[in-house]
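Before any comments, here is the structure.
The values are calculated or read from the model by the stated rules, or taken from the named source; none is laboratory data. Note that this is a predicted model, so its numbers are computed, not measured. Cβ placement follows ideal geometry from the backbone for every residue including glycine, while neighbour counts extend to all protein chains displayed. Side chains included, ligands, DNA and RNA excluded: accessible areas come from the protein's heavy atoms. Shrake-Rupley method; radii C 1.70, N 1.55, O 1.52, S 1.80 Å.
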Amino acid sequence: MAFFANMGERFSYYTMLAIFVLYLQARFGFSAGEAGDFYGGFLFGIYFLPILGGIIADRWGYGRTITWGILIAFLGKIILTVPGYSQGFFSNQWELIIIIISLIVISLGTGLFKGNLQALVGKLYDAPEFAPKRDNAFNIFYMGINIGAFLAPYAATSAVKHVLGRNGFLYENSMPHLANLQAKAHPFLDQMIGTVQNHFNGTVHYIDKIEAFKSQMGFNGTVSEFANTYTSSLSVGYSTAFAIAAVAMVVSLLVFVGFKKYYKHADLTVKQAKEKAEREGREDTTVTMSKEEEKKRMIALGLVFITVAFFWMAFHQNGFTLTIFARDFTVSKVSSLSYLFFDLRTFIPILAAIGGLVFMFRKSSPVRTKLISSGVFIAGTAIAYSFYTGFDKTMNIEPEIFQSFNPIFIVVLTPIIVGFFNWLRVRGKEPSSPRKIGVGMFITALGFVVMMFSAFHLQSVTGLSPYWLISTYFILTVAELFLSPIGISFVAKVAPPRFSGLAQGGWLGATAIGNLLAGLVGRLWDIVELWQFFLLLVVLTLLSGVFIFSIIRILENATKSSE
Amino acid sequence: MKNQIIVTASFILSLIVFSGCKSESGPLNLQEEVRVLKEIEMRSTNIENKNDAFNVLRDLNLNIKDIRNKILDMEERYREASESEKAQIEKTFEQANKEIDRSLGIISKNTEPYKDIEEVSKMLEKLNEILISK
């Protein structure tokens, strides 16, 4: 239930996020910086408001708060569709006010939902017989987030393409920016284009570029008319994607409310549990803690939050400096064989085929499973091969595509890592949650060591192989799986029962601070040498890992006393 | 342990606070960008192989991107400026444009022999669109 409710909400959230900046630029002509400010503020709200949501849920009840969170976020996404669909009914200023209101409403809704669902999942594993499975449960829960996040950009882009296609247009993501350039006079930029044109043949003017798109799409009218019609149509496309995001919230709500019976027993605050026990005339089994014990645990959590902020600082370089690295220093053309990993139509069937192969040769697989697995293997290989034959000898890759490796790796690696921890547990060697977090920090450092070597290698080649970045994404994903779901599980274990929601909110608050730090560190990108930049990330994450191990006894004691 | 928390938390907080204190508007001229361009121009006089040509053009692309961003900021200011301010901004731009023109001429000449090499031509393709890209 929690897996699907979370997947629906995350799908909705990332569908909206995938196009949000583009929407602001298309609709309001924002520069990248202005749109980035909106985006940054919104993200901070999304990750910081769960603290408030946690405080509310700890008093009011988790299920109730989560339900209201979904409803409020749904309302926010509906409000977000208004400017695009109303097409000029509101003035530009009012449209912007509507957008701001919608973002506040969505942040509030997500604040009520996100951390508290984690708290509720944690409570499902409070019983001693289930407690050992809590880490694995959160690993699987985490996979739900990433399946939602992985599918979202495709849903958003498909919605936009569909609406544009109905108006006879093709999707061209540079058009809003070009239309914005065309909408205002640019005396200096025009001159500078001329200056560059004088020395480098083929330098393009934005009007020429729009003209080319206009001809390509068979539009009859002026460049200005084309730019206006295209951006209006694009806005409707974006609003349709926001509407899909809202529908996904409804699905999430239906799952959460419809399957209430599976979590009802755990959906109790300390006070509610006490009242229920009194009503039923039985002894209250909720763990009560002394103020001193609560304080000790909150300090342990605080220490983990501080360290984890550094993980997110390093990890969230993926959407920032690592994407710039992909754009500026990685080859933009790959062989058709390498391109198999860059096209979902081939990559997913290949992964399915590998999965099929594993189950085919596993000794413990029953005959039926082996037969199905062979079918999956043959189908996966055939599908991948059929698309592969249509590839050119070399294929272009976009820098943004590297970001999709993280959710794919999450989905693929989660069962492997869960299996690995199970294997260790059976042998009595499973590390404690804080140790997993510490190891996760070291693995993160390793990911940036690879980047450091790639920076050295760059000094002797003209463009880097994409496998440098893919390897880094792979290592960072392993680190994430050691750290993020395990961290949420640790919070669920250690949080004093009356602060479960607040503690999960604190975890997300640490993510918010990590995001801020990611931006701060990212500013060094243009100032220091590439290898120095990655070395800084290696050092910071190593220090964080060392810090975790330096306080491991405190953290393990906090975990033990909760088991 | 409390001290450790206080020190680390203060460090993070100060990073956040100081980041908010940075000046939002740098000097509105192209001096720094022109200085970097002149350095690239100097390097272009010592190009010995395709790697050198590639590196020069890669850095030129980054520099032209900075120039584009600064120009867009200048135009933003220009639109709201008084007549006298407008004249000043125009003058600043004209001066910078002359120097940029001269440097680009030299860089273009020095990279010309390598323009048909795949990696170099890719950098030139990027350069062609960098002023109008996002």
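Mind checking the dipole of chain A: about its Cα centre, +1 per Lys or Arg Cβ, -1 per Asp or Glu Cβ, Debye to the nearest 20? It would help to have the intermediate numbers written out before the result.
On the way: 44 positive and 33 negative charges, 381 e Å.
Charge dipole of chain A: 1840 debye, to the nearest 20.
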Inset, instruction - Of the options A:Ser335, A:Pro434, A:Ala479, report the single residue whose Cα projects farthest towards the positive end of the charge dipole of chain A (beta-carbon charges: Lys, Arg +1; Asp, Glu -1). - result: A:Pro434
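I need the peptides A:493-501, A:294-302, A:511-519 ranked by packing, meaning the mean over residues of other C-beta atoms within 10 angstrom, with the highest value on top. Working shown, then result.
Working: A:493-501: 23.4, A:294-302: 19.0, A:511-519: 21.2.
Top to bottom by mean Cβ count within 10 Å: A:493-501, A:511-519, A:294-302.
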Inset, instruction - Quote the charge dipole size of segment A:68-134 about the Cα centre in Debye, to the nearest 20; the model charges only the Cβ of Lys and Arg (+1) and of Asp and Glu (-1). - result: 180 debye
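Dipole size in debye (nearest 20) for segment A:357-478 around its Cα centre, Lys and Arg Cβ +1, Asp and Glu Cβ -1?
Computed about the Cα centre, the dipole is about 860 debye.
Excluding A:Ala57 itself, what net charge comes from residues whose Cβ is under 15 Å from its Cβ, given Lys and Arg +1 and Asp and Glu -1? Intermediate results must be reported in sequence, preceding the final value.
Details: positive: A:Arg59, A:Arg64, A:Lys114, A:Lys123, A:Lys271, A:Arg498; negative: A:Asp58, A:Asp267.
Result for the neighbourhood of A:Ala57: +4.
Hey, any idea what the orientation-averaged projected area of the convex hull of segment A:371-510's Cα atoms comes to, in nm²?
On the way: hull surface 53.3 nm².
With every direction weighted equally, the projected area is 13.3 nm².
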Inset, instruction - Could you state how much accessible area B:Asp101 has, in square angstrom rounded to the nearest 10, with a 1.4 Å probe and all protein chains kept in place? - result: 50 Å²
Inset, instruction - Ignore the peptide's own chain and count Cβ atoms of other chains within 10 Å of each Cβ in A:168-180; give me the average, rounded. - result: 1
Inset, instruction - Can you send over the solvent-accessible area of A:Trp525, 1.4 Å probe, protein chains only, in Å² to the nearest 10? - result: 30 Å²
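Considering only DSSP states other than H, G, I, E and B, which chymotrypsin sites (Phe, Trp or Tyr not before Pro) in segment A:83-119 qualify as loop sites with at most 13 other Cβ atoms within 10 Å? Please list the in-between numbers first.
Values: sites: A:Tyr85, A:Phe89, A:Phe90, A:Trp94, A:Phe113; in loops: A:Phe89, A:Phe90.
Here the chymotrypsin sites (Phe, Trp or Tyr not before Pro) that fit, given the DSSP loop and packing criteria, are A:Phe89.
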Legend entry - Computed [θ] at 222 nm, helices only, for chain A once each DSSP H run of length n ≥ 4 contributes -39500 (n - 2.57): -26500 deg cm²/dmol
Legend entry - Alpha carbon centroid spacing (whole Å) that separates segment A:178-194 from segment A:422-437: 60 Å
Legend entry - Kirkwood hydrodynamic radius of segment A:317-432, from inverse mean 1/r over distinct Cα pairs, in Å: 16.6 Å
Inset, instruction - Positive end of the charge dipole of the protein assembly as shown (Lys, Arg +1 and Asp, Glu -1 on Cβ, about the Cα centre): tell me which of A:Tyr263, A:Phe315, A:Phe402 has its Cα farthest that way. - result: A:Tyr263
Inset, instruction - Could you work out, residue by residue across B:72-79, how many beta carbons of other chains sit within 10 Å of that residue's beta carbon, and then give the average as an integer? - result: 4
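List the trypsin sites (Lys or Arg not before Pro) within segment A:95-193 that DSSP assigns to loop and that have no more than 12 neighbouring Cβ atoms inside 10 Å. Mind showing how you got there, number by number?
Numbers: sites: A:Lys114, A:Lys123, A:Lys133, A:Arg134, A:Lys161, A:Arg166, A:Lys184; in loops: A:Lys184.
Sites meeting the loop and neighbour criteria: A:Lys184.
With r as the distance between the Cβ atoms of A:Asp392 and B:Ile106 and R0 = 41 Å, compute the FRET efficiency 1/(1 + (r/R0)^6) and round to 0.05.
Details: r = 37 Å, r/R0 = 0.90.
The pair B:Ile106/A:Asp392 has a calculated efficiency of 0.65.
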Inset, instruction - Tell me the trypsin sites (Lys or Arg not before Pro) within segment A:371-454 that lie in a loop according to DSSP and have at most 15 other beta-carbon atoms within 10 Å. - result: A:Lys393, A:Arg427, A:Lys429
Legend entry - Interface burial for A against B (accessible surface, 1.4 Å probe, total of both chains, Å², rounded to 100): 4400 Å²
Legend entry - Computed P(r) (all Cα pairs; chain A; 10 Å bins; percent): 3, 15, 25, 26, 19, 8, 3, 1, 0
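Which FRET efficiency, nearest 0.05, do A:Arg427 and A:Ile78 yield, Cβ-Cβ r, R0 60 Å? Display every interim value, and only then the final one.
Numbers: r = 52 Å, r/R0 = 0.87.
Using R0 = 60 Å, I get an efficiency of 0.70.
Quick one: net charge of B:Arg43's neighbours, Cβ under 13 Å, K/R +1, D/E -1? Provide the component values of the computation, followed by the final result.
Working: positive: B:Lys38, B:Arg58; negative: B:Glu39, B:Glu41, B:Glu48, B:Asp52, B:Asp59.
With Lys, Arg at +1 and Asp, Glu at -1, the neighbours total -3.
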Legend entry - Cα principal axis extents for segment A:96-187, largest first, Å: 70, 29, 27
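Pull out the extension gain between A:Ile104 and A:Ser364, defined as 0.36 nm times the separation in residues minus the alpha carbon to alpha carbon distance; nm, one decimal. Walk me through the numbers on the way to the answer.
Working: separation 260, 0.36 × 260 = 93.60 nm, distance 5.23 nm.
Separation in residues times 0.36 nm, less the Cα-Cα distance, equals 88.4 nm.
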Inset, instruction - Determine the relative contact order of chain A: mean sequence separation of Cα pairs under 8 Å and six or more apart, normalised by residue count, in whole percent. - result: 24 percent
Inset, instruction - First select every other residue whose beta carbon is under 15 angstrom from the beta carbon of A:Gln118; then total the charges, Lys and Arg +1, Asp and Glu -1. - result: 0
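In Å², and per residue, what accessible area does chain A have when probed at 1.4 Å with the other protein chains present?
Values: 24160 Å² over 563 residues.
That works out to 43 Å² per residue.
For A:Phe3, A:Phe325, what's the largest-to-smallest order of accessible area, 1.4 Å probe?
On the way: A:Phe3 45, A:Phe325 0 Å².
Largest to smallest exposure gives the sequence A:Phe3, A:Phe325.
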Inset, instruction - Return the FRET efficiency for the residue pair A:Thr288, A:Leu520: r is the Cβ-Cβ distance, R0 is 56 Å, and the value is rounded to the nearest 0.05. - result: 0.85
Inset, instruction - Just grab the label-to-label distance for B:Asn61 and A:Ile378, each label 7 Å out from Cα along the Cβ direction, in nm (one decimal). - result: 4.6 nm
